[in-house]
Structure formats: C-alpha cells, structure tokens
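Participant: Following this message is one structure expressed as structure tokens.
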Amino acid sequence: MADMARAKTQFAAMAKPVGSICNMRCHYCYYLETDEYAAKTASPVMPDKLLEEYIKQYITGNTGPAVSFVWHGGEPTLAGIDFYRRAVELQKKYLPSGWECWNNLQTNGLALDDEWCAFLAENKFDVGLSIDGSQYVHDLYRRDTAGNGTYERVRDSARRLISHGVRPDLLCTVTSDSAKDPLSVYRGLRELGTGWIQFIPIVRRGENGEVTPDSVTPDGYGRFLNDIFDEWILNDLGKVDVQLFAETAMVLAGGEASLCWMVPTCGRVLIVEHDGNVYSCDHFVNPEHRIGNIETDSLETLINLPRQVKFGNNKRDALTAQCVKCRWRRICNGGCPKDRFAVTDDGESGLYYLCRGLHDFFDHSADRLSKLMQMRSRGMKPAAMMDRFRREEMEKWKNVGRNDPCPCGSGKKAKNCCWWKRP
C-alpha cells in the first residue's frame, strides 16, 4: 500500500503533441516506429479538445503548488507556436490560485527562430536542446529529412536561446562513436556555456536481439564518463553541471535521485500521445503498455492502476541476485528496465546492459564526489575545491612511472591507461 499512497501524491505526465512526427531522422531514434500504434486522426497535432482535457486532468490530479508540464516528441515544435500559446492559456484557466506552472520543451532546435525564443523566454519555458557535442559525431547521426547534417543549425539555436535569456539544458547521446573521443564531445558542449549537460546512452537491439553497432558498450560508457569526470572535477566546478554526476553526488550525500532509472521503482511518468492514448513509459509506447485514453480515463486513475503499479515495482522486484548484492545498488538500483537483457557472472539473465560501465564510473568517482559534497556543505568555493582535487591528483601521480600500475586501479600499466591525462 505504500507504493499506492505515494503514487496518489507523486506522478508526472509527458505529452507528445505530434506523436513521433519529426523534422529530423536521427539514426538511433527509438520513437519513429511508435507512429504505427497511434489512432488515425485528421491532424497529426493533438486537437484542442484533447489538449484542454489533458491540461485540466493533469492540474486537478496534481497536489501542487507547482505543476510541471513536459512537451516531448518526435519534435514538439511541429505543433506550432500557437499550440503552446493555447496551452499556456489553458494552464492559467485551470490553475488554482497560488499555484504555478512550469513548462519544459524538449526539442532538436531546428525550428527555433527569434519568435519561438521570445515566446519561450516570455513564458519562462525550460528548454532541453538535443546536440551531440562535436560536429563530427552530431552530423554522423543527427540529420534532417533531406539527409543533411544539423550541427551548425542547432548550435545557432543554442546561441539564439541564450541571447533571449533562455539557457537550455544540453541533451547529448552517447554512442559507440562519441565514446571514442569523450573530451571532444564534452568540450564542444561546454563551449556553448549553458551550464547543464545530460548524457543519454544509446542502447538498441536489432531484430536478432544483438546490440546494434551504434550502441555504446559497457566498457566504452565507463571510459566516456570517467574521462569527462576527470576533466570536469579539475576544471569546471561551478561552471558546468553534469546530470549523472549531480545525481550520484546527491545519493552519496544521503539524498534521493530524481532520475527514474536511478530510483528503486519507476512508472511515475505517464506518456500522453497526441491521440489521447496513455502509455506506461516513454520507452514502452506499444500496445502491451497502453493503459488508457484521457477521453475516457483520468490520469490520476491510470497512474494507480494495479498493472501500472506492478510495472513500476518490477524495477525493484526483478533485480538479479548480482544487483541485490552490489555495493552500488543504492545509486543505480539496477538501471533502466528497457536495457536489462545482459547476463550476470552467474549466468542469470536480466542484468542492466551498461552495469559494468556504471560500476567503473562509481568506483572511479564516488570518493571524490563524496568529498565534493562535504566541502560544499562547509561552504567551500568551487575554485578552492578544484585546487584541492588538483593537488590530490598531482600527489597520486608523483612517483608513478610509465610502466607502473595505473593509479586509477584498472590493473593496466600507466602508459596504457591514464598516463596521458596525468597533471
């Protein structure tokens, strides 16, 4: 009953106003195929009647005093700017006195001209902007419908947003290619000066069940995170926040993560498609996980359906024995269920595919993240913290030769591991 009680007071919904329709054809996109499950309608945009019903239900089903709306896709700007003007009007109509609405638009940025940016700034929208770091990696995967690279246009959109006073969160996927040059990816994002970066690992499987070539490997993911972490903690504290680093530090300090894949149970974020259909999760938009429609069911009812509660609790209940015993379980809680298809050391299936990479990252970063949180609690400034970490790094390498074991603990010789990034 504890899970049910929590669900009554904590749930979110993510709206897809144009479903999977997009003006880009990203090579790794998992969402384009979901269009086959949508009801056939006269318009690909969520009708005004459904928009109003969604906003009314979402506000009345929330406990307030802040209600967070997330607009996702596909590419949500294809609904048109007037759609969001209407959404803001409806939010004001149904919002109780003393409450407030937060809006978050997740976009690829191609449509963001000055009119869009001014609207987003005026209405205090948060913006998540998808950009894959370096131009080479971005244009390799993120092309428009004509097959052209989009990197320069997205960078221009980032600058345009900033000029209007909107500092977008940068959403960067981690593929097998970006994992080969993590610092190029990270520095490309850092140069945009928005202050917040999210790294989203790409894990896909083909029809034969094998992981696709563009998917990041567990080892590649671990190296990617570790190399960026070392750059960040020695140079960018107070200037850049990286979502996974912040979430990990929060848990190490005794708090709770906010990311769904890091908490013990999930299922708290419903997906509302443009046709009103509601699904259990963004990664499970398929007939098996359709739980209702807002024309006939309330969101508050759907989040509490036994099948939805079971869907969320399975994240905890289906952990492998290896996960249950893992010392890092309290941070990742077994990872995202969509990627639990690897095999444990004991031959049990259901292990998170990226487990080994995350394990490497936690081993590499946990001590310093714990120190960082302790120093922050004492009021230490970022410059002083970075100076402390630099001195510790220099001390660690002081007596290490090229052929000595690398001090990172990998077991490799220093020259074959971290020698290149010693201070």
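The values are calculated or read from the model by the stated rules, or taken from the named source; none is laboratory data. All of these numbers come straight from a predicted model, not from anything done at the bench. Please note: Cβ atoms are built from the backbone with ideal geometry, for glycine as well, and neighbour counts cover all protein chains shown. Calculation scope for accessible area: heavy atoms of the full protein, side chains included, ligands and nucleic acids excluded. Shrake-Rupley method; radii C 1.70, N 1.55, O 1.52, S 1.80 Å.
Participant: Being buried (at least 19 other Cβ atoms within 10 Å of the Cβ) and either aliphatic (A, V, I, L, M) or free of Cβ contacts under 8 Å to residues at least 60 places away in the same chain (or both) is the filter here, so list the residues in segment 268-280 that pass it.
Facilitator: Residues of segment 268-280 that are buried (at least 19 other Cβ atoms within 10 Å of the Cβ), as a first pass: 270-280.
If the condition is that a residue be buried (at least 19 other Cβ atoms within 10 Å of the Cβ) and either aliphatic (A, V, I, L, M) or free of Cβ contacts under 8 Å to residues at least 60 places away in the same chain (or both), then LEU270, ILE271, VAL272, VAL278, TYR279, SER280 are the ones that fit.
Participant: Further question: Go through the residues of segment 108-125 one by one and say whether even a single one is touching a residue at least 24 places away in the same chain (Cβ under 8 Å), part of a strand (DSSP E or B) and within 21 Å of VAL174 (Cα to Cα). It would help to see each step written out before you state the result.
Facilitator: The first filter runs over segment 108-125 and keeps only residues touching a residue at least 24 places away in the same chain (Cβ under 8 Å), leaving 108-121, 123, 125.
From what's left, part of a strand (DSSP E or B): none.
No: zero hits.
Participant: Pick out the one residue from ALA253, ALA246 that is open to solvent by 30 Å² or more (accessible area, probe 1.4 Å) and free of Cβ contacts under 8 Å to residues at least 40 places away in the same chain. First the steps, then the outcome.
Facilitator: Values: ALA253 fails: free of Cβ contacts under 8 Å to residues at least 40 places away in the same chain.
After ruling out the rest, the residue left standing is ALA246.
Participant: Which of the residues belonging to segment 375-423 are closer than 18 Å to ALA249 by Cα, open to solvent by 100 Å² or more (accessible area, probe 1.4 Å) and out of contact with any helix residue (DSSP H, G or I) (no Cβ under 8 Å at 6 or more places or on another chain)?
Facilitator: Across segment 375-423, the qualifying residues are ARG378, LYS381.
Participant: Which of the numbered conditions does THR173 fail, given that it passes all the others? Conditions: (1) outside any strand (DSSP E or B); (2) over 24 Å from ARG390 (Cβ atoms).
Facilitator: All conditions are met except number (1).
Participant: For LYS310, only one of the following conditions fails: (1) within 30 Å of ASN62 (Cβ to Cβ); (2) touching a residue at least 24 places away in the same chain (Cβ under 8 Å). What is its number?
Facilitator: Failed condition: (2).
Participant: Restricted to segment 85-111, and to residues that are among the hydroxyl-bearing types (Ser, Thr, Tyr) and either within 21 Å of the chain's Cα centre (by Cα) or exposed (fewer than 13 other Cβ atoms within 10 Å of the Cβ) (or both), which residue is modelled with the lowest pLDDT?
Facilitator: Out of the qualifying residues, it is SER97.
Participant: In segment 349-407, which residues are over 18 Å from ASP230 (Cα atoms) and of a type in the set (Gly, Ala, Ser)?
Facilitator: Across segment 349-407, the qualifying residues are SER349, GLY350, SER377, GLY379, GLY401.
Participant: I would also like to ask the following. Residues in segment 253-286 that are more than 20 Å from ARG307 (Cβ to Cβ) and part of a loop (DSSP other than H, G, I, E, B): how many? Before the answer, list the steps.
Facilitator: Step one: filter segment 253-286 for residues more than 20 Å from ARG307 (Cβ to Cβ), giving 253-259, 261-262, 274-275.
When the remaining residues are screened for being part of a loop (DSSP other than H, G, I, E, B), the result is 253-259, 274-275.
Residues in segment 253-286 being more than 20 Å from ARG307 (Cβ to Cβ) and part of a loop (DSSP other than H, G, I, E, B): 9 in total.
Participant: Here's something else I'd like to know. Filter segment 6-31 down to the residues that are open to solvent by 60 Å² or more (accessible area, probe 1.4 Å) and not aromatic (Phe, Trp, Tyr), then identify the one that is modelled with the lowest pLDDT. Quick ask: steps written out before the conclusion?
Facilitator: Quick first cut of segment 6-31, residues open to solvent by 60 Å² or more (accessible area, probe 1.4 Å) only: 6, 8-10, 21, 25, 27, 30.
Keeping just the survivors that are not aromatic (Phe, Trp, Tyr) gives 6, 8-10, 21, 25, 27.
Working: ARG6: 37, LYS8: 40, THR9: 52, GLN10: 69, ILE21: 93, ARG25: 94, HIS27: 91.
Checked segment 6-31; the qualifying residue modelled with the lowest pLDDT is ARG6.
Participant: When segment 205-224 is examined, which residues are found to be part of a loop (DSSP other than H, G, I, E, B) and open to solvent by less than 50 Å² (accessible area, probe 1.4 Å)?
Facilitator: Looking only at segment 205-224, we keep the residues that are part of a loop (DSSP other than H, G, I, E, B), and these are 206-210, 212-214, 216-217.
GLY206, GLY209, THR212, ASP214, VAL216 - these are the residues of segment 205-224 that are part of a loop (DSSP other than H, G, I, E, B) and open to solvent by less than 50 Å² (accessible area, probe 1.4 Å).
Participant: Where residues in segment 189-204 are open to solvent by 60 Å² or more (accessible area, probe 1.4 Å) and in contact (Cβ under 8 Å) with a residue 40 or more places away in the chain, which of them is nearest to GLU247 (Cα to Cα)?
Facilitator: Taking segment 189-204 first, the residues open to solvent by 60 Å² or more (accessible area, probe 1.4 Å) are 190-191, 196, 200, 204.
The next check asks that each one be in contact (Cβ under 8 Å) with a residue 40 or more places away in the chain; those that pass are 190, 196, 204.
Details: ARG190: 19, TRP196: 13, ARG204: 24 Å.
Residue satisfying both the conditions and the ranking: TRP196.
Participant: Give the residues of segment 65-83 that are open to solvent by less than 40 Å² (accessible area, probe 1.4 Å) and either basic (Lys, Arg) or over 24 Å from the mean Cα position of the chain (by Cα) (or both), sorted by residue number.
Facilitator: Listed by number, the residues that qualify are GLY80, ILE81, PHE83.
Quick grid of which residues meet (1) more than 30 Å from GLY206 (Cβ to Cβ); (2) in contact (Cβ under 8 Å) with a residue 12 or more places away in the chain; (3) hydrophobic (A, V, I, L, M, F, W, C):
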site	(1), (2), (3)
PRO337	no, yes, no
ARG340	no, yes, no
ARG356	no, yes, no
PHE362	no, yes, yes
ARG368	yes, yes, no
GLY409	yes, yes, no
CYS417	yes, no, yes
TRP420	yes, no, yes
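Participant: Out of the residues in segment 136-165 meeting the condition of being over 23 Å from ASP114 (Cα atoms) and among the small types (Gly, Ala, Ser), tell me which one is most open to solvent (accessible area, probe 1.4 Å).
Facilitator: Step one: list which residues in segment 136-165 are over 23 Å from ASP114 (Cα atoms), which gives 136-141, 146-147.
Now restrict to residues that are among the small types (Gly, Ala, Ser): 146-147.
On the way: ALA146: 79, GLY147: 36 Å².
That would be ALA146.
Participant: Another question, then. Considering only segment 306-328, how many residues are outside any helix (DSSP H, G or I), surrounded by fewer than 16 Cβ atoms within 10 Å (Cβ to Cβ) and of a type in the set (A, V, I, L, M)?
Facilitator: Let us first name the residues in segment 306-328 that are outside any helix (DSSP H, G or I), namely 318-320, 326-328.
Narrowing the set further to residues that are surrounded by fewer than 16 Cβ atoms within 10 Å (Cβ to Cβ) leaves 318, 327.
Pick out the ones that are also of a type in the set (A, V, I, L, M) and you get 318.
Going through segment 306-328 one residue at a time, the tally reaches 1.
Participant: Collect the residues in segment 341-352 that are open to solvent by less than 40 Å² (accessible area, probe 1.4 Å), on the phi < 0 side of the Ramachandran plot and over 17 Å from the mean Cα position of the chain (by Cα), keeping them in residue-number order.
Facilitator: Correct list: ALA342, THR344, LEU351.
Participant: Please work out if ILE331 is assigned to a helix (DSSP H, G or I), out of contact with any Asp or Glu (no Cβ under 6 Å at 6 or more places or on another chain) and either of a type in the set (Ser, Thr, Tyr) or surrounded by 16 or more Cβ atoms within 10 Å (Cβ to Cβ) (or both).
Facilitator: Details: assigned to a helix (DSSP H, G or I): yes; out of contact with any Asp or Glu (no Cβ under 6 Å at 6 or more places or on another chain): yes; either of a type in the set (Ser, Thr, Tyr) or surrounded by 16 or more Cβ atoms within 10 Å (Cβ to Cβ) (or both): yes.
Against the criterion (assigned to a helix (DSSP H, G or I), out of contact with any Asp or Glu (no Cβ under 6 Å at 6 or more places or on another chain) and either of a type in the set (Ser, Thr, Tyr) or surrounded by 16 or more Cβ atoms within 10 Å (Cβ to Cβ) (or both)), ILE331 qualifies.
Participant: Can you find even one residue in segment 166-176 that is open to solvent by 20 Å² or more (accessible area, probe 1.4 Å) and closer than 22 Å to TYR352 by Cα? Before the answer, list the steps.
Facilitator: Of all residues in segment 166-176, those open to solvent by 20 Å² or more (accessible area, probe 1.4 Å) come to 167, 169, 176.
If we keep only those that are closer than 22 Å to TYR352 by Cα too, we end up with 176.
Yes, because at least one residue in segment 166-176 is open to solvent by 20 Å² or more (accessible area, probe 1.4 Å) and closer than 22 Å to TYR352 by Cα.
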